Amino acid sequence: MSFFDLNPRLEGDSLPVLDLPLSTVRLMKDANYPWLLLVPRKPDLVEIIDLEKDDQLQLMREIALASRVLRAATECEKLNVGALGNQVSQLHVHVIARFQDDAAWPGPIWGVVSPKPYEDAADEHLINRLRDSFAAETDFD
């Protein structure tokens with residue numbers, strides 16, 4: 001039997017926010033863009049189609065929930081959602097808050113600027129706002 005292990009790169013590049021019924025939610029350590037990762041806590045997943053059908057639907061619900069929460073917490077102008085996995089094959093979904101004045105607008109964020117660390121505990125404040133927003137949601141399961 002295999003157990004879920006978070007890929008070390010995903011773990012090192014992000015901070016824990018909370019766990020949803022299927023996925024662990026993490027905040028990327030990049031203040032350029034408020035950016036969540038959802039990683040289903042199931043072993044040996046690479047693609048969304050590797051999930052059982054019920055878990056595929058659950059992941060979609062959790063992506064929508066995380067999107068609502070991130071939009072509420074950041075008042076972003078646009079959300080980018082994707083499951084690329086080109087550098088880390090473990091299934092994970094990016095939910096990225098975008099603004100017309102961010103460094104990469106209107107293109108994709110990857111490779112445009114180096115990750116910028118959060119300053120003065122801004123990451124902790126954002127995580128707390130996100131947790132509060134998740135707690136306020138009624139569509140949690």
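The values are calculated or read from the model by the stated rules, or taken from the named source; none is laboratory data. Treat the numbers as computed from the prediction; the structure is a model and nothing was measured. For neighbour counting, all protein chains shown are included, and Cβ atoms are generated from backbone atoms with ideal geometry for every residue, glycine included. Please note that ligands, DNA and RNA were not included when accessible areas were found on the heavy atoms of the full protein model with its side chains. Shrake-Rupley method; radii C 1.70, N 1.55, O 1.52, S 1.80 Å.
Helix 53-74 versus the longest principal axis of the chain: what angle, 0 to 90°, nearest 10, using Cα atoms?
Helix 53-74 sits roughly 20 degrees off the main axis of the chain.
Evaluate the charge dipole of the chain about its Cα centre and quote only its size in Debye, nearest 20, assuming +1 on the Cβ of each Lys and Arg and -1 on the Cβ of each Asp and Glu. Can you show the working numbers first?
On the way: 14 positive and 24 negative charges, 41 e Å.
For this selection, approximately 200 debye.
Per 0.36 nm of contour for each residue apart, how much would the distance between MET60 and ALA122 grow if the chain were fully extended, relative to their Cα-Cα spacing? Present the calculation step by step, with values, prior to reporting the outcome.
On the way: separation 62, 0.36 × 62 = 22.32 nm, distance 2.84 nm.
Length gained, MET60 through ALA122: 19.5 nm.
Show ARG129, ARG98, ARG68 ordered by accessible area, largest first, where the area counts protein heavy atoms only and the probe is 1.4 Å.
Putting ARG129, ARG98, ARG68 in descending order of accessible area: ARG129, ARG68, ARG98.
Rounding to the nearest 10 and keeping the result within 0 to 90°, find how far the Cα-based axis of helix 122-136 lies from the longest principal axis of the chain.
50
Taking Rh as the Kirkwood radius, which is the inverse of the mean 1/r over Cα pairs, what is the Rg/Rh value for region 56-106?
Working: Rg = 12.1 Å, Rh = 12.0 Å.
Rg/Rh: 1.01.
Cα to Cα, under 16 Å, and not fewer than 8 places away if on the same chain: which lysines meet these conditions relative to LYS29?
Candidates past the 8-residue exclusion: LYS116.
Counting Lys and Arg as +1 and Asp and Glu as -1, each charge on the Cβ, what is the dipole of region 21-83 about the Cα centre in debye, to the nearest 20? Let's see the in-between values first.
Working: 9 positive and 10 negative charges, 50 e Å.
Dipole about the Cα centre, nearest 20: 240 debye.
In whole Å, how far is the Cα centre of region 76-141 from that of region 1-61?
13
Just round it to a whole percent: the fraction of Cα-Cα distances in region 80-141 exceeding 18 Å.
Details: 1095 of 1891 pairs.
Counting every Cα pair in region 80-141, those more than 18 Å apart make up 58 percent.
Hey, any idea what % of region 31-105's accessible area is carbon plus sulfur with a 1.4 Å probe? Kindly include the intermediate steps, with their values, before the conclusion.
Numbers: 1760 of 3770 Å².
C and S fraction of accessible area: 47 percent.
Students often get this wrong: which residues of region 14-34 have the backbone nitrogen under 19 Å from the point 7 angstrom along Cα-to-C-beta of ARG41?
Residues passing the 19 Å test: 14-28.
Considering only protein heavy atoms, what per residue accessible area in square angstrom results for the chain with a 1.4 angstrom probe? Kindly include the intermediate steps, with their values, before the conclusion.
On the way: 8010 Å² over 141 residues.
Per residue, the chain has 57 Å² of solvent-accessible surface.
For the chain, what does -39500 (n - 2.57) per DSSP helix run (n ≥ 4), summed and divided by total residues, give at 222 nm, in deg cm²/dmol to the nearest 500?
Numbers: 3 runs with 42 residues, N = 141.
After summing the helix terms and dividing by residue count, I get -9500 deg cm²/dmol.
Which ³J(HN,Hα) values, rounded to whole Hz and listed in residue order, are derived for region 34-49 from phi using the Karplus coefficients 6.51, -1.76 and 1.60 in 6.51 cos²θ - 1.76 cosθ + 1.60 with θ = phi - 60°, glycine and proline given as x?
Ordered by residue, 3J(HN,Hα) equals x, 8, 9, 10, 10, 10, x, 8, 10, x, 6, 9, 10, 10, 4, 5 Hz.
State, as an integer percentage, the relative contact order of region 1-90 based on alpha-carbon contacts under 8 Å between residues 6 or more apart.
Working: 87 pairs, mean separation 23.6, N = 90.
RCO, region 1-90: 26 percent.
Mind ranking 75-81, 105-111 by how tightly packed they are, going by the mean number of other C-beta atoms within 10 angstrom, highest first? Please list the in-between numbers first.
On the way: 75-81: 14.4, 105-111: 11.4.
Answer by packing, highest mean first, reads 75-81, 105-111.
Which is farthest toward the positive dipole end of the chain among ALA72, GLY82, MET60, measuring Cα position about the Cα centre, with Cβ charges +1 (Lys, Arg) and -1 (Asp, Glu)?
Ranked along the dipole, the leading option is GLY82.
For the chain, what value does the Rg/Rh ratio take when both radii are computed over Cα atoms and Rh is the Kirkwood radius, given to two decimals?
Values: Rg = 14.5 Å, Rh = 15.4 Å.
On the Cα set of the chain, Rg over Rh gives 0.94.
From zero outward in steps of 5 Å, how is the percent of C-alpha pairs of region 11-71 spread across the bins?
4, 18, 27, 24, 17, 8, 2
Only Cα pairs within less than 10 Å get springs; with that Gaussian network setup on the chain, which residue of LYS29, LYS53, LYS42 has the largest fluctuation?
The residue that fluctuates most here is LYS53.
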